[in-house]
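The values are calculated or read from the model by the stated rules, or taken from the named source; none is laboratory data. Keep in mind it's a predicted model, so treat the numbers as computed, not measured. Counting neighbours? That spans all protein chains shown, and the Cβs are built from the backbone with ideal geometry, glycine included.
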Amino acid sequence: MVDMIDVLGNPIEAGGANPGEAELGGTSGGGSSGGGFNWAALGPLALGGAGLGVMLARGPGTLGPQFQDLTSSVPGLRGEGRLLEGEGQALIGQGTEALRMAQRGELTPAQQSQLNIFGTGLTNKARQEYAAMGRNPDQDTAFIQTTGNIDERINAMAQEQIRTTIQLGLGQISGGASLTGQGLQFEGAANQALIAAGEAQLKLDQAYSKSLTDSFSAIGQMFGLAAKALPFVL
């Protein structure tokens, strides 16, 4: 006796098993009167979903200790770099000002004091020499020539001091440039550390994204296969 037919048009006898169910290993659990579907067919799909859940919970991979040590050194490298750059710029500024002073023919306070002492010493010595000869330097026309010679020596010393200032300024600028270059090297090392860590993290993120894509694709394929395998009964 045929009470119903399945979706394929096959007769189903009263109390009999659905032929489709027999092929898939029997009826579904729960003892329901309808044919239902085979829950066992969802096994791989459930496992795939569980694996995807674990992957989502874990998130992208983390960088290894070598990259963590590398990135942790960045603040120190940048701090040292900025310190050296600051010292270098200060030296360059001092050297530049020294060259400007030399260009204007100015002496530093220490140089001017040294020059005054030198000139005073020459003048006092000359007066003592005239006094020893019984001559009054303030009334002796020859002392005018002596004073002129003293001025020449003072000017020569001033020119030497200016050359010293120029050498000092050039040295300061050179030293400042060297310090600035070292500072930039520290900054460059810090940037390279961040770039290396960023590239490594990007690779981890790309691998994680690919894993997610592959997992979703695999689950979609399993879902399609499971859908085809599950018998539905009218």
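I'd like the residue in the range 103-133 that is under 49 Å from the mean Cα position of the chain (by Cα) and in a helix (DSSP H, G or I) and, out of all such residues, is surrounded by the most Cβ atoms within 10 Å (Cβ to Cβ).
Step one: list which residues in the range 103-133 are under 49 Å from the mean Cα position of the chain (by Cα), which gives 103-112.
Now narrow it down to the ones that are in a helix (DSSP H, G or I): 103-104, 109-112.
Values: 103: 12, 104: 9, 109: 7, 110: 9, 111: 18, 112: 13.
The residue in question is 111.
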Answer yes if at least one residue in the range 141-151 is modelled with pLDDT under 95 and either outside any helix (DSSP H, G or I) or in contact with a strand residue (DSSP E or B) (Cβ under 7 Å, 6 or more places away or on another chain) (or both), and no otherwise.
-> yes
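Looking at 115, 179, 122, can you tell me which residue is of a type in the set (A, V, I, L, M, F, W, C), within 18 Å of residue 93 (Cα to Cα) and assigned by TED's automatic domain parsing to the domain that holds residue 78?
Of 115, 179, 122, the one residue that is of a type in the set (A, V, I, L, M, F, W, C), within 18 Å of residue 93 (Cα to Cα) and assigned by TED's automatic domain parsing to the domain that holds residue 78 is 179.
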How about the range 98-115: which of its residues are closer than 13 Å to residue 164 by Cα and touching a residue at least 12 places away in the same chain (Cβ under 8 Å)?
-> 98, 99, 101, 102, 105, 107, 108, 111
Give the range 155-176 a look and list any residue that's among the small types (Gly, Ala, Ser) and surrounded by fewer than 15 Cβ atoms within 10 Å (Cβ to Cβ), or say none.
-> 156, 171, 174
Residue among 138, 151 that alone is charged (D, E, K, R) and exposed (fewer than 11 other Cβ atoms within 10 Å of the Cβ) = 138
Please list, ordered by first then second residue, the pairs with beta carbon atoms under 8 Å, 6 or more apart or interchain, first in the range 183-196 and part of a helix (DSSP H, G or I), second among the aliphatic types (A, V, I, L, M) and modelled with pLDDT of 80 or more.
-> 183/83; 183/84; 186/84
